[in-house]
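The values are calculated or read from the model by the stated rules, or taken from the named source; none is laboratory data. Quick caveat, the model's predicted, so the values are computed rather than measured. For neighbour counting, all protein chains shown are included, and Cβ atoms are generated from backbone atoms with ideal geometry for every residue, glycine included.
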Amino acid sequence: MVDQSIAGLVKAMANASEGDRSGRARIVILLLCFGLAAAMLLSLMSGASDASAVSVLKDWLLGAAPSDAALSARDSLIIYDIRLPRIILGMLVGAALAVSGAVMQGLFRNPLADPGLIGVSAGSSLGAVIIFVLGATVLAPVTTLLGTLALPLAAFFGGLASTLVLYQVATRRGQTSVATMLLAGIALAALAMALTGILIFMADDRQLRDLTFWSLGSLGGATWAKIGSVGPIIITALAAMPFLARGLNALALGEATAGHLGIPVQRLKYTAIIGVSAAVGAAVAVSGGIGFVGIVVPHLLRLLIGPDNRYLLPASALLGASLLLLADAVARTIVAPAELPIGIVTAIAGAPFFLWILLRKRGVVDL
Amino acid sequence: MIEVRDVSIDIAGKRIVGGIDFDARPGEVAAIVGPNGSGKTTFLKALSGELAYAGRVALNGRDLSSMKPAESAVHRAVLPQATTLSFPFTVREVVKLGLVGGRSGALPGEDARLPERALARVDLDGFAGRFYQELSGGEQQRVQLARVLCQVWAPVLNGKPRYLFLDEPVSSLDIKHQLIIMNIARDFTRRGGGVVAILHDLNLTAMYADRIFVMHRGRLAATGSPQDVLSDDLIEKVFDCRLRVGVLPAGNVPFVLPQSSVS
């Protein structure tokens, strides 16, 4: 099976016409699948405890009676109820952020668009913080009605509102100015953060502590219940994005030309905005502010396989998931037994990378 | 057949184009000429479905305003004045975007080879692997034309003619490529399609246009064959420039006309 697909890929490479990077893109996607599997294994095996994923897996696969039943029960608890949900949540969040970044960049026709940089995440955060702080008092009827969905839904509407405002402000006649987009994003983020600040001011001590750790970004506290509430949202949004790929490719030529080619541009834009808001909202709701995944991942991949969204979107999902798992592994082990918020890790790695992109693009991007 | 009846276009409350009656027939190159700011591009944008208009436009007998983007994309392809790309696409990837609607009209199985064939037609053989952003303005314009040709590769589809809308297709090209591009347009009409082109070069217009539409201050100043339209009076009135048609320069001043090309 694998042999066959590799043979097919080699054939595709040999027949590839000049300027056609689809063969290379398929190989990269295949490698990224292996990379993700490796990142999952690494993640499963590393952590503050010495629980051995290998022995748990061996027990599970072979059905052998464990030599030390008590130790084995503890290990399997750590693996199944702590590390595994965390890995799955990390993959969902990483894929959601990376694909959202790629889609926003296609939508704004701009390689610097990123949910975190231009205020979408700030809008989502505001939505989430409203539920954090007011969920038990003023908004109690809403939270009881929606249950665990209240948080991701609030984050979704926060993200949606800021994306819509941003698009209206930054786009004129189908062209987005980089400067306007970044500045409008800064203004929106500032507004959202100010409103968030008011809520934080109102919060009590316990809420304050929860909020602080949440806003730094963390996959800690991942549970199967959380996966149950945001998993379906993220998976639905991610599953819808590939249908946008061809339209986003055409959009690279400009809105008017995409329309001439037969793309229903308005529908494409609104689907993309809603999909991105849902994915980012859900990711922010469970993991707080994890930045730079949405800009670093698509940018690296464009260097490798080109900007064709049919390959860029799935590849971004795979690389985003893998990188977030690795970042989380670093966050969990570097100061063990304590752990660093993962948002700090992605920002330390991502911010210089972003500056590097700006440096490379200086003169190319019209700021 | 493209029929335009009494079309007016307002932008931000200001009338840019008014009262246009216009026909573009299959088998003909229809050239729109006129001074800068006379409303040529605005009119072409309305014809492409990009701008709202008052009046009636019918594309092969169907009302344009009732057509979805995917439907009008079957009947016509549009070449804008200039296209900038936001991402590093290769030339082949750009040309292939012309096939996104999937109605090139080429024989089954031929679509995969169309980008190379279209590039060869616009004299860009061997450019498929280059990056679009690294090309000169004229080369980029020809890449876009190759993309447009892919979209309506067959000039007639299911018995209906298809159209090329070209906004200044030769403005950034050298004389050799001006002739190549205009010959592509003429060839498209000879095989049953139609062409609507905005042109600035009156000599090329006289050489290639079957019908000229002269625009002046948002209105049609004249319509007809090159022989009928291109007169001293009209040029003086429309272009505000005292020029004489068919007068050779004096003595030893060299001049080069596209009409002198030996094929």
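Given the condition surrounded by fewer than 19 Cβ atoms within 10 Å (Cβ to Cβ), of a type outside the set (Phe, Trp, Tyr) and on the phi > 0 side of the Ramachandran plot, answer yes or no: does some residue in region B:223-244 qualify? Checking region B:223-244: at least one residue is surrounded by fewer than 19 Cβ atoms within 10 Å (Cβ to Cβ), of a type outside the set (Phe, Trp, Tyr) and on the phi > 0 side of the Ramachandran plot. Counting the residues of region A:238-247 that are closer than 16 Å to B:ALA70 by Cβ and among the aliphatic types (A, V, I, L, M) gives 1.
Matching residues to (1) more than 14 Å from every other protein chain (Cβ to nearest Cβ); (2) of a type in the set (Asp, Glu); (3) surrounded by fewer than 19 Cβ atoms within 10 Å (Cβ to Cβ); (4) not in a loop (DSSP other than H, G, I, E, B):
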| site | (1), (2), (3), (4) |
| --- | --- |
| B:GLU3 | yes, yes, yes, yes |
| B:LEU44 | no, no, no, yes |
| B:VAL78 | no, no, no, yes |
| B:VAL95 | no, no, no, yes |
| B:GLY101 | no, no, no, no |
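Out of the residues in region A:310-350 that are outside any helix (DSSP H, G or I) and hydrophobic (A, V, I, L, M, F, W, C), which is surrounded by the most Cβ atoms within 10 Å (Cβ to Cβ)? The extreme case among them is A:LEU340. What number of residues within region A:205-245 are out of contact with any helix residue (DSSP H, G or I) (no Cβ under 7 Å at 6 or more places or on another chain) and within 14 Å of another protein chain (Cβ to nearest Cβ)? Looking only at that region, the number is 1.
Determine if region B:22-45 includes at least one residue that is farther than 27 Å from A:ARG246 by Cα, among the acidic types (Asp, Glu) and more than 17 Å from the chain's Cα centre (by Cα). Write out each step before concluding.
The initial filter retains those residues of region B:22-45 that are farther than 27 Å from A:ARG246 by Cα, namely B:22-43.
Filter once more, keeping what is among the acidic types (Asp, Glu): B:23, B:28.
In the following step, the residues that additionally are more than 17 Å from the chain's Cα centre (by Cα) were identified as none.
Among the residues of region B:22-45, not one is farther than 27 Å from A:ARG246 by Cα, among the acidic types (Asp, Glu) and more than 17 Å from the chain's Cα centre (by Cα), which makes the answer no.
Please count how many residues of region B:104-145 are of a type in the set (Gly, Ala, Ser) and within 12 Å of chain A (Cβ to nearest Cβ). Residues in region B:104-145 being of a type in the set (Gly, Ala, Ser) and within 12 Å of chain A (Cβ to nearest Cβ): 5 in total. When every residue of region A:285-292 is checked against the conditions, none turns out to be crowded, with 24+ Cβ neighbours inside 10 Å and modelled with pLDDT of 90 or more.
The residue of region A:256-267 that is farthest from A:ALA122 (Cα to Cα), among those that are surrounded by fewer than 22 Cβ atoms within 10 Å (Cβ to Cβ) and of a type in the set (A, V, I, L, M, F, W, C), is A:ALA256.
In region B:46-64, the residue that is farthest from B:LYS160 (Cα to Cα) out of those that are in contact (Cβ under 8 Å) with a residue 60 or more places away in the chain and away from every other protein chain (no Cβ under 14 Å) is B:GLY61.
Can you find, within region A:14-36, the residue that is farthest from the other protein chains (Cβ to nearest Cβ) among those that are loosely packed, with under 13 Cβ neighbours inside 10 Å and at pLDDT below 95? Result: A:ALA14. Listed by position, the strands (runs of 3 or more DSSP E) enclosed by region B:148-263 include none that has at least 2 residues that are of a type in the set (S, T, N, Q).
In region B:80-92, which residue that is touching a residue at least 12 places away in the same chain (Cβ under 8 Å) and at the interface with chain A (Cβ under 8 Å from one of its Cβ atoms) is surrounded by the fewest Cβ atoms within 10 Å (Cβ to Cβ)? Please lay out each step first, then the result.
So in region B:80-92, the residues touching a residue at least 12 places away in the same chain (Cβ under 8 Å) come out as B:80-83, B:85, B:88-92.
If we keep only those that are at the interface with chain A (Cβ under 8 Å from one of its Cβ atoms) too, we end up with B:80, B:83, B:85, B:88-92.
Numbers: B:PRO80: 22, B:THR83: 18, B:LEU85: 18, B:PRO88: 15, B:PHE89: 24, B:THR90: 22, B:VAL91: 27, B:ARG92: 22.
Ranking the candidates gives B:PRO88 first.
Within region A:297-309, being more than 10 Å from chain B (Cβ to nearest Cβ) and either in a loop (DSSP other than H, G, I, E, B) or without any contact (Cβ under 8 Å) to a residue 60 or more places away in the chain (or both) holds for one residue alone: A:LEU300.
Taking region A:107-125 on its own, how many of its residues are closer than 10 Å to A:GLY159 by Cα and surrounded by fewer than 22 Cβ atoms within 10 Å (Cβ to Cβ)? It would help to see each step written out before you state the result.
Our first condition is that a residue be closer than 10 Å to A:GLY159 by Cα; within region A:107-125, this holds for A:115, A:119-125.
Now restrict to residues that are surrounded by fewer than 22 Cβ atoms within 10 Å (Cβ to Cβ): none.
Looking only at that region, the number is 0.
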